[in-house]
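> If you scroll down you'll find the structure; I have some questions about it.
The values are calculated or read from the model by the stated rules, or taken from the named source; none is laboratory data. Here the structure is a predicted model, which means the values were calculated and not measured. Every residue, glycine among them, receives a Cβ derived from its backbone with ideal geometry; neighbour counts consider all protein chains shown.
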């Protein structure tokens with residue numbers, strides 16, 4: 001595996017892209033291939049075999065330490081309710097999520113979740129502007145708040161709708177039940 005280059009993304013964080021060879025399945029007639037040591041055909045030595053994995057000289061796999069999956073239909077739906085600046089902020093939120101509850105994190109490496117105050121500071125919003133934006137996100141099922149107690153004090157975590165963007169495939173059932181699948185919503189016209 002070779003490292004292609006390092007790209008800067010959100011908050012000047014560096015991400016490594018890795019490239020490795022891709023393999024494709026090829027069907028071949030195994031009765032035409034003979035083991036030179038035994039004289040038997042490959043088909044008789046390994047019954048039931050129908051294909052081999054061959055290295056592709058035209059395809060390569062590009063992977064990253066940091067990736068996210070964004071649902072285009074869900075984004076098309078929420079784009080009808082949010083302006084460009086708000087959509088950029090939603091894009092920033094997408095890069096901050098982690099875990100089976102899709103919680104928005106301030107520091108992904110050390111697993112420190114954002115609070116309302118730290119997120120307001122990150123977005124460089126006034127208290128009123130931030131409150132209106134978060135209310136709009138909540139009302140359109142883009143975010144949800146989950147609260148609990150840690151060390152005797154209440155903590156509130158912000159969760160991003162996993163139907164919009166996620167960094168993994170599996171989620172806690174409770175998380176999924178809190179959100180609408182926005183990719184299935186009708187887009188308002190006009």
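> Scan the stretch 138-148 and tell me whether some residue there is surrounded by 11 or more Cβ atoms within 10 Å (Cβ to Cβ), under 22 Å from residue 85 (Cβ atoms), out of contact with any strand residue (DSSP E or B) (no Cβ under 9 Å at 6 or more places or on another chain) and in the same structural domain as residue 74 (by TED's automatic domain parsing).
Yes, the conditions are met somewhere in the stretch 138-148.
> Would you point out which residue out of 181, 124, 76 is out of contact with any strand residue (DSSP E or B) (no Cβ under 8 Å at 6 or more places or on another chain) and at positive phi?
Being out of contact with any strand residue (DSSP E or B) (no Cβ under 8 Å at 6 or more places or on another chain) and at positive phi holds for just one of 181, 124, 76, which is 124.
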